[in-house]
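Asker: Following this message is one structure expressed as structure tokens.
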Amino acid sequence: MTAIDSLYVSNIQERVIRLGKATRELDVSEVTKAVRQMCISANYNVPEGSILALKKALETEESSVGKEVLARILENHKIAREECLAACQDTGVAMVFIEVGQNVKLIGGELYDAINEGVRQGYIDGYLRKSVVTDPLFERVNTGDNTPAFIYTDIVPGSDVKITVAAKGGGAENMSGLRMLTPAAGVEGIKKFVVEQVAEAGPNPCPPIVVGVGIGGTFDRVALLAKKALTRSVGSHNAHPMYAKLEAELLEEINKLGIGPQGFGGRTTALGVNIEFAPCHIASLPVAVNLNCHVGPHESVIL
Amino acid sequence: MDRVLETPLTADDINSLKLGDVVYIKGIVYTARDMAHMTVRDKLEKSQNLPVDFQGSAVFHAGPVVKKTHTGWELGVIGPTTSVRMEPYAEMVGKLGVKAIIGKGGMREGSRDAFQKYGQVYLQAAPGCAALLADGIEEIQEVHWFDLGMPEALWVLKARKFGPLVVTMDCRGGSIYEGIKSKAIKTIDALYQPA
Amino acid sequence: MAKRINTPLTDDVVRTLKAGDNVLISGIIYTARDAAHKRLVALIEKGEQLPMDVRGQIIYYVGPCPAKPGMAIGSAGPTTSGRMDPYAPILMENGLKGMVGKGRRSKAVQDAMMKHNAVYFAAIGGAGALLSKCVKEAELVAYEDLGPEAIRKLTVEDFPVVVVNDAHGNDLYEQGVKEFRIN
């Protein structure tokens with residue numbers, strides 16, 4: 001070993017020791033357990049925010065057929081919760097957002113294998129539908145266990161691991177859209193695109209829906225923002241007052257469309273609009289819309 | 001002999017330009033992109049004065065890289081940005097008296113109409129030739145709205161021989177972009193069944 | 001008041017149904033979605049026999065969850081019908097009388113419904129747990145390899161649906177939205 005080599009090795013060793021002191025170990029089998037549990041629980045238990053919004057809508061809906069639909073939906077969600085059934089048969093693809101604190105050392109196996117194992121167990125043990133095919137175009141063969149999960153990882157400060165599981169159904173997902181607007185389009189342009197997207201979707205995404213909107217970032221980032229917006233509960237607001245105001249205005253304007261519950265006509269087209277935003281290029285104003293039906297299963301846990 | 005147009009541009013200058021002509025500009029060139037256009041619109045709406053006179057002017061859709069020196073500003077590089085983002089301002093820009101718009105990618109129907117109405121042309125600058133284009137600029141005279149950020153500010157450039165620029169939209173409704181797009185659509189129709 | 005109907009559907013029953021009607025279906029209905037439809041239509045085009053007789057029948061666009069022990073079926077709400085639009089007219093031509101799903105149908109499907117006297121119902125999307133309660137029996141008919149997309153024969157009782165497109169050219173999605181739109 002040369003002098004430089006040994007210096008290098010000793011530096012590395014020293015850093016490992018130093019980091020080791022601040023490191024917390026987490027066995028990835030804990031991740032498997034948590035993911036399994038959340039896949040099942042999210043599909044059985046419609047989020048509380050959505051239930052509250054549905055109850056409120058039942059009071060305000062003017063269409064009689066709309067009222068009946070809302071009452072049946074609430075009954076469905078109650079049955080699902082009490083009898084441990086999937087609220088919707090489309091238990092979706094498993095979206096897994098994982099935030100790993102940089103002081104955490106993952107042991108006992110590979111993180112992504114552990115997540116996929118959790119999805120596999122959850123979808124089999126929970127009697128959930130398997131809706132993933134191997135290849136999008138040529139070999140559309142069902143993988144049989146709903147893997148692979150769709151995983152997004154963030155490295156964050158601290159020693160926690162936060163996992164969010166969202167089951168994303170196909171019907172609402174297919175009604176998503178993205179446009180690279182230009183800065184001149186402004187607030188009006190954003191609003192027009194979002195409302196048009198919802199109008200175009202009409203009855204297909206199973207209204208009443210939750211509308212996830214991403215604004216800013218890049219082509220790829222804006223779609224992820226819209227999806228992440230849907231993991232925020234219905235009835236919550238963006239922390240930025242201007243964006244919170246935009247959420248409220250969009251909700252009001254969408255509910256003027258008259259699409260109503262299941263598209264049979266009525267006032268309750270959307271239960272909520274959630275916006276997430278990010279910095280962007282001076283020439284760009286990307287916008288993305290990702291829709292959830294009234295079920296919108298998602299859950300989070302901190303390990 | 002290279003054809004050099006001198007600002008302020010006249011109606012005769014614009015009328016004489018045909019699609020495919022290659023020209024250079026001598027005199028004053030303003031830069032303006034998204035934020036500058038938005039600022040102009042705001043000021044006009046509030047009936048406030050603009051810092052420069054756009055009558056007979058050439059406006060370059062660009063965000064330059066500029067260095068501050070002891071004596072003023074020094075231009076690094078400057079290249080065109082995508083012009084279609086400024087399409088919503090076509091009528092406003094025409095009314096201001098802008099005669100030549102320089103950028104890349106061309107503009108749409110609204111601009112084509114405005115060009116006929118107000119006597120304007122669109123000049124395509126070669127994208128990605130930022131150093132060559134900067135070479136034709138003699139000096140930076142002024143900057144306005146620097147608070148919008150360096151690329152978004154309105155820069156007043158003095159050109160000795162800025163170009164080469166190709167006339168891609170004229171003041172008679174001609175546009176080379178139109179032909180390219182309709183040809184591409186025909187190809188698509190031939191390749192695939194309509195939905 | 002909901003109308004009660006039994007399968008198989010007769011032409012007379014289909015004719016009485018109007019867009020906006022609340023209907024409770026009892027009897028046999030068949031499940032099929034994208035992949036199964038593709039296979040059914042391929043069989044028809046080759047002049048071969050289908051795994052079930054579609055004459056007078058209703059097809060439910062659904063891919064259910066697996067059944068828990070002691071249950072006939074898992075959660076079983078409708079899927080988006082538009083994906084079956086390319087296949088629906090040829091099935092109606094072969095005697096299919098009803099379809100259950102969610103979401104808009106194409107002009108071609110609506111025209112075929114008028115031509116062949118057929119009806120399109122919507123079940124509540126996202127109410128799969130509730131709807132599964134109306135399914136008393138489920139039996140695999142064909143294409144087990146398709147998993148949730150296999151064809152199943154369901155025995156249903158008072159299965160709640162709403163008529164969206166009737167055989168007379170009416171469309172609830174259009175009518176309903178027109179009534180409640182605020183300009």
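The values are calculated or read from the model by the stated rules, or taken from the named source; none is laboratory data. Since this is a predicted model, take the numbers as computed values, not measurements. For neighbour counting, all protein chains shown are included, and Cβ atoms are generated from backbone atoms with ideal geometry for every residue, glycine included. Quick note on the areas: whole protein, heavy atoms, side chains included, nothing else; ligands and nucleic acids left out. Shrake-Rupley method; radii C 1.70, N 1.55, O 1.52, S 1.80 Å.
Asker: Which residues, if any, in segment C:163-183 have at least 50 Å² less accessible area in the whole protein complex than in the isolated chain, probe 1.4 Å?
Answerer: C:TYR173, C:VAL177, C:PHE180, C:ILE182
Asker: I would also like to ask the following. If a helix is a whole DSSP H run, which ones in chain A reach 15 Å or further along their own axis (Cα) and hold a mean Kyte-Doolittle hydropathy of at least 0.5?
Answerer: Going by DSSP H runs, there are no hits.
Asker: When the solvent-accessible surface of protein heavy atoms is calculated with a 1.4 angstrom probe, in what order do B:PHE146, B:PHE162 fall, highest first?
Answerer: Listed by decreasing accessible area, they come as B:PHE146, B:PHE162.
Asker: If you roll a 1.4 angstrom probe over the protein chains with everything in place, what fraction of the accessible area of chain C belongs to carbon and sulfur, to the nearest %?
Answerer: Result for chain C: 48 percent of the exposed heavy-atom area is carbon or sulfur.
Asker: Continuing with this model, one more query. Given R₀ = 35 Å, FRET efficiency for A:LEU303-A:THR60 by Cβ-Cβ distance, to 0.05?
Answerer: 0.30
Asker: Now for a separate question. Counting heavy atoms of the protein chains only and a 1.4 Å probe, report the per residue accessible area for chain B as a whole number of Å².
Answerer: Per residue, chain B has 50 Å² of solvent-accessible surface.
Asker: Here's another thing I want to ask about it. List the residues of segment C:46-70 for which accessible area in the full set of protein chains is at least 20 Å² lower than for the chain on its own; 1.4 Å probe, protein heavy atoms only.
Answerer: Hits at the 20 Å² cut-off: C:GLY63, C:CYS65, C:PRO66, C:LYS68, C:PRO69.
Asker: Could you state the number of Å between the C-alpha centres of segment C:122-168 and segment A:33-86?
Answerer: Distance between centres, Cα-based: 20 Å.
Asker: While we're looking at this one, here's another question. Could you state how much accessible area is buried at the B-A interface, both sides summed, with a 1.4 Å probe, in Å² to the nearest 100?
Answerer: Values: alone 10080 and 15620 Å², together 25110 Å².
Counting both chains, the buried surface is close to 600 Å².
Asker: Next question. Can you pull the one-decimal nm distance between simple spin-label points at C:LYS68 and A:GLU252, each 7 Å off the Cα toward Cβ?
Answerer: Roughly 4.3 nm, to one decimal.
Asker: Where a ≥ b ≥ c are the square roots of the eigenvalues of the C-alpha gyration tensor, would you call chain C rounded, which needs a/c under 1.5, or, failing that, prolate if a/b is larger than b/c, or oblate?
Answerer: Because a/c hits 1.5 or more and a/b fails to exceed b/c, chain C counts as oblate.
Asker: Let me ask something else about it. For the pair C:ASN22 and B:LEU50, what calculated FRET efficiency results from E = 1/(1 + (r/R0)^6), where r is the Cβ-Cβ distance and R0 = 56 Å, to the nearest 0.05?
Answerer: Computed FRET efficiency for B:LEU50 and C:ASN22: 0.30.
Asker: Hey, for a label at C:ARG181 modelled as a point 7 Å past Cα toward Cβ, could you say which residues of segment A:157-178 have their backbone N under 12 Å away?
Answerer: Counting backbone N atoms under 12 Å from the label point, the list is empty.
Asker: Another question, if that's okay. Modelling each spin label as a point 7 Å along the Cα-to-Cβ direction, I'd like the A:HIS237/A:PHE138 distance in nm, to one decimal.
Answerer: According to this spin-label approximation, the distance is 5.3 nm.
Asker: Still on this structure: Loop only by DSSP, 10 or fewer other Cβ within 10 Å of the Cβ. Give me the GluC sites (Glu not before Pro) in segment C:14-110 that pass, ordered by residue number.
Answerer: C:GLU48
Asker: In addition: Run the lone-cysteine check on chain A: no other Cys C-beta under 4.7 Å from the residue's C-beta.
Answerer: Taking the Cβ cut-off of 4.7 Å, the unpaired cysteines of chain A are A:CYS39, A:CYS84, A:CYS88, A:CYS280.
Asker: How large is the charge dipole for the protein assembly as shown, taken about the Cα centre, if only the Cβ atoms of Lys, Arg (+1) and Asp, Glu (-1) carry charge, to the nearest 20 debye?
Answerer: Charge dipole of the protein assembly as shown: 500 debye, to the nearest 20.
Asker: Can you tell me the 0 to 90 degree angle between the C-alpha axis of helix B:34-45 and the longest principal axis of chain B, rounded to 10?
Answerer: Taking Cα atoms only, the helix is inclined about 80 degrees.
Asker: Give the carbon-plus-sulfur fraction of the accessible surface of chain A in %, rounded to a whole number; probe 1.4 Å, heavy atoms of protein chains only.
Answerer: 56 percent
Asker: Moving on to the next point. Rolling a 1.4 angstrom probe over the protein heavy atoms, how many square angstrom per residue are accessible across segment A:170-295?
Answerer: I get 35 Å² per residue for this part.
Asker: Over both sides of the C-A contact, add up the buried accessible area with a 1.4 Å probe and give it to the nearest 100 Å².
Answerer: 3400 Å²
Asker: Per DSSP H run of n ≥ 4, the term is -39500 (n - 2.57); total these for chain C, divide by its residue number, and report the mean residue ellipticity at 222 nm rounded to 500 deg cm²/dmol.
Answerer: -7000 deg cm²/dmol, from helical runs alone.
Asker: Additional query: With the dipole of segment A:170-295 worked out from charges on the C-beta (+1 for Lys and Arg, -1 for Asp and Glu) around the Cα centre, which of A:GLY177, A:GLY216, A:VAL187 lies farthest toward the positive end?
Answerer: Farthest towards the positive end: A:GLY216.
Asker: Leaving out ligands and nucleic acids, and using a 1.4 Å probe, what accessible area per residue does segment C:36-118 come to in Å²?
Answerer: 39 Å²
Asker: Shifting gears a bit: List the residues of segment C:126-162 that lose 40 Å² or more of accessible area once all protein chains are present, compared with their chain alone (1.4 Å probe, heavy atoms only, no ligands or nucleic acids).
Answerer: C:GLY126, C:ALA129, C:LEU130, C:LYS133, C:PRO148
Asker: Moving to a separate point now. Please name whichever of B:ASN49, C:TYR30, B:ALA126 sits farthest to the positive end of the charge dipole of the protein assembly as shown, dipole taken about the Cα centre and charges placed at Cβ: Lys and Arg +1, Asp and Glu -1.
Answerer: B:ASN49
Asker: While we're on this one: Here are some pairs, A:LYS55/A:LYS78; A:LYS105/A:LYS162; A:LYS192/C:LYS178; A:LYS191/A:LYS256; A:LYS245/B:LYS43; which of them have Cα atoms lying more than 18 Å apart in this structure? Don't skip to the answer; put the middle values down first.
Answerer: On the way: A:LYS55/A:LYS78 12 Å; A:LYS105/A:LYS162 14 Å; A:LYS192/C:LYS178 20 Å; A:LYS191/A:LYS256 13 Å; A:LYS245/B:LYS43 26 Å.
Those over the limit are A:LYS192/C:LYS178; A:LYS245/B:LYS43.
Asker: Let me ask something else. Distance from the Cα centre of segment A:171-236 to that of segment B:124-168, in angstrom?
Answerer: Computed from Cα coordinates, the inter-centre distance equals 37 Å.
Asker: Continuing with this model, one more query. Determine how large the accessible area of A:SER176 is when every protein chain is in place; take a 1.4 Å probe and give Å² rounded to the nearest 10.
Answerer: 40 Å²
Asker: What ranking of A:ARG232, B:ARG172, A:ARG140 comes out by heavy-atom accessible area, probe 1.4 Å, highest first?
Answerer: The residues order as A:ARG140, B:ARG172, A:ARG232, largest area first.
Asker: What whole number of Å gives the distance from the Cα centroid of segment B:13-31 to the Cα centroid of segment A:273-303?
Answerer: 46 Å
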